[in-house]
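Data first, discussion second: the structure below is written as structure tokens.
The numbers here are math on the coordinates, done by the rules we state, and not lab data. In this text, all values refer to a predicted model and were calculated from it rather than measured experimentally. Cβ atoms come from the backbone with ideal geometry, glycine included; neighbour counts cover every protein chain shown.
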Amino acid sequence: MSYERIIDQYITTNDHFLQEFIAQTLHDYPNKKNEWTRFLLREAIQNPEKATILLYLKVEPEDVEAAMMIKEGLDRIHNSIRHFFTQLLLDFTPDIILENQHLLTDLINDQDWDIYQVLSEGSEDEVWKEYIKILTRLESESDFNMNVYLLAKKIAFTLVKKNYITRDQVMMMFEANRNEEWFQYDGYLAVYMMGLMEMKETTAQLVSLLTRDDDMLLEEISEALISFQTDEVVDAVKVYLNDMEANIFATSIIENIKTEHAVNELRNAYHQVEADMQGTIFEALVHQLSPSAEPEIQDYLNHVGSSNFIDINLLAYSYFKLLGIDHPRLGIWRDNLDKR
């Protein structure tokens, strides 16, 4: 059974732990169905004890129905989880954010509301002016400001969606940064736009940067490469699975490309990496939800009793339950989850 068929079958389960795992495994997967996200949203609204699901949800920016669900949910939920819902609203398009301005006054300042108005109704020149201004603002800040950077990504998103920027222009921004010691903000945003524009031809250039000591750059590269969903990405990235510096990001990329080739390369890497790196490979194999990975998953469980870095109980319990394998330790893992 394929990854997506497993999610289709089990997303409606009453098992809280399986739903938590499903929310986790869908977090970085770019091809998730809108109805999956909406169902998990509904679960969190109707069952406050499932609010942890919201930690992992990513909404499709143009999913109007999901935005309506969040808006309606804000009238029903407890104040203790209200911030999860308002934060999700920031992931939508500028138009949807403007429609919900009254719910976001605490998260967006007056100056930035004017920018959202330009993104919704402004001309091409006006959007470009905001883009240049936001880059200047980012570079002038003494400390990194995540809210300003996320607003910059909203402007970049608008440039792409309204066809105000070309692939050649994005490549020029990227190339201007690629050989520098440190990327500037326009370089980060260029990588983000390469993902939005599905510029799969840039796979080799992006992968070559995986050893950079720059987490923001690596996050954008990972998201772009995952969005391509190709075995070409797997083949380019697999050489970094045994690299102590790049292992975590490389593993995450291949974990979220749902092909049998990706599973096979993770299985091969499991037997080649140092023992202290096998945990990340184990977690990636679990999230692939492939029966062929059972030997490596079982091997890891036989040799590792606990971990401070990964939730072995949730991972093992979810893998065997979702694949319908009656493992003798299922009850133990479930008891451990109930006690946590």
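Ranked highest first by average number of other Cβ atoms within 10 Å, how do 212-224, 323-335 line up? Don't skip to the answer; put the middle values down first.
Values: 212-224: 18.2, 323-335: 13.1.
Top to bottom by mean Cβ count within 10 Å: 212-224, 323-335.
Quick check: the angle from helix 278-288's long axis to the longest principal axis of the chain, C-alpha only, nearest 10 degrees?
The helix 278-288 is inclined about 80 degrees to the chain.
Separation of the range 287-336 and the range 59-133 by C-alpha centroid, Å?
Cα centroid to Cα centroid, the span is 39 Å.
Mind checking which lysines have their Cα closer than 23 Å to the Cα of Lys321? Skip sequence neighbours fewer than 8 apart in that chain.
Lys32, Lys33, Lys50, Lys258, Lys339
Between the helical axis of 34-46 and the dominant principal axis of the chain, each derived from Cα atoms, what acute angle in degrees is found, rounded to the nearest 10?
Relative to the chain, helix 34-46 is tipped by roughly 80 degrees.
Check each of the trypsin sites (Lys or Arg not before Pro) in the range 107-198 and keep only those in coil by DSSP with at most 10 other C-beta atoms within 10 angstrom; list them in order.
Numbers: sites: Lys129, Lys133, Arg137, Lys153, Lys154, Lys161, Lys162, Arg167, Arg178; in loops: Lys162.
For trypsin sites (Lys or Arg not before Pro) across the range 107-198 that sit outside H, G, I, E and B with at most 10 neighbouring Cβ atoms in 10 Å, the list is empty.
Could you give the angle, 0 to 90 degrees to the nearest 10, between helix 110-121's Cα long axis and the longest principal axis of the Cα atoms of the chain?
Its long axis makes an angle of about 90 degrees.
Counting other C-beta atoms within 10 Å, which of Tyr317, Tyr185 has the fewest, and how do the rest follow? Walk me through the numbers on the way to the answer.
Details: Tyr317 25, Tyr185 20.
Taking fewest neighbouring Cβ atoms as first place, the list is Tyr185, Tyr317.
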